[in-house]
1. Having 3 or more residues that are under 20 Å from the mean Cα position of the chain (by Cα) and over 25 Å from residue 198 (Cβ atoms) is the bar; report the strands (runs of 3 or more DSSP E) wholly within the stretch 8-119 that clear it.
2. Looking only at the stretch 195-213, which residues are assigned to a helix (DSSP H, G or I) and closer than 21 Å to residue 77 by Cα?
3. Select from the stretch 155-178 the residues that are more than 14 Å from the chain's Cα centre (by Cα) and within 17 Å of residue 78 (Cα to Cα) and list them in ascending order.
4. Looking only at the stretch 20-54, which residues are closer than 13 Å to residue 64 by Cβ and either touching a Leu at 6+ places or on another chain (Cβ under 7 Å) or among the hydroxyl-bearing types (Ser, Thr, Tyr) (or both)?
5. Only one of 144, 175, 137 is loosely packed, with under 15 Cβ neighbours inside 10 Å, touching a helix residue (DSSP H, G or I) at 6+ places or on another chain (Cβ under 8 Å), modelled with pLDDT of 90 or more and part of a helix (DSSP H, G or I); which?
6. Could you list all residues from the stretch 120-134 that are in a helix (DSSP H, G or I) and of a type outside the set (S, T, N, Q)?
7. I need a count of the residues in the stretch 190-213 that are more than 18 Å from the chain's Cα centre (by Cα) and surrounded by 13 or more Cβ atoms within 10 Å (Cβ to Cβ).
Amino acid sequence: MLKLDFEFTRDAFTLRARCAITAPVTGICGPSGAGKSTLLAHVAGLLKPARGTISFGERTLFDSRTRVFVPAHHRHFGLVFQDGQLFPHLSVRANLVYGQKHLAPAQQRFDLQTVLDLLEIGPLLERRPGQLSGGERQRVALGRALLYSPRLLLLDEPLSALDRRLKEQILPFLRRIRDETRIPMLYVTHAREEIVALDGEIVEMEAGMLPAV
C-alpha cells in the first residue's frame, strides 16, 4: 500500500495529497497543470514535500515531523518517462542492465532473458537507441525498469509520445507486466482509456488536489 499525506508548494502552486493506494494499477488522471507529474516525483523521491508523510508498505519514505527522507536511489522504484530516457551512447543490452548491475544477486527478481521474452526485445540487444522505433524504445525503457527489480513502477505518460498504432502494440506488454510480475503501477496519463485497458483504478487530480481513494 502506498500512503500519501503531504503538501508541497512552489511559487503559486500547491500540491495536496491525502490517500491510500492499493490497486495493482492506479491511473492518476487530470488536466495539464494539475500536478500529476509533480506527485509522481514526490513518490519517486525526486522532490521533497514541505510537510506530511509518504510510506510504501511498512517503510516510511518521508516524515517531516521525524525528519525522515529516503532518497530516490534507496526507494527501489522503477521510473519510465514518455521519451524513455535511454542512454544514446549505450547499446540496448547495456541500457537494460544499467540498473541491475548495481543490485546484489539476492535482490534481482528477474534475469535478462526473462525480460527479453516478456517484452519481445531480444533481437534489439546490439542496437543503439537511435536505431529503434518509438515503441521499441519504450519497451526497452520498461525492460530496464523491470531489471532493476522495483517494488513499484512509476509511469509518467509512457505512451503519450506514441501514435495509436504503437500504443496498441505497447499496452499488451503492460498487461503482461501487470499479470506476470505483480509489480504495482502508478500511472500518470491524460488518456483514461489506457488505464481502462489495464483494468486499473482511476484517480482524478485537479488543481493540485489528490483526493482520498
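The values are calculated or read from the model by the stated rules, or taken from the named source; none is laboratory data. Keep in mind it's a predicted model, so treat the numbers as computed, not measured. FYI the Cβ positions are ideal-geometry reconstructions off the backbone, even for glycines, and counts take in every protein chain you see.
1. Per the criteria, 59-63.
2. 195 - this is the single residue of the stretch 195-213 that is assigned to a helix (DSSP H, G or I) and closer than 21 Å to residue 77 by Cα.
3. Hits for the stretch 155-178 are 173, 175, 176.
4. Hits for the stretch 20-54 are 53, 54.
5. The match here is 175.
6. 122, 123, 124, 129, 130, 134
7. 5
Rundown of residues vs (1) more than 27 Å from residue 23 (Cβ to Cβ); (2) touching a residue at least 40 places away in the same chain (Cβ under 8 Å), yes/no style:
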site: 67; (1), (2): yes, no
site: 78; (1), (2): no, yes
site: 120; (1), (2): no, yes
site: 130; (1), (2): yes, yes
site: 135; (1), (2): no, no
site: 147; (1), (2): no, yes
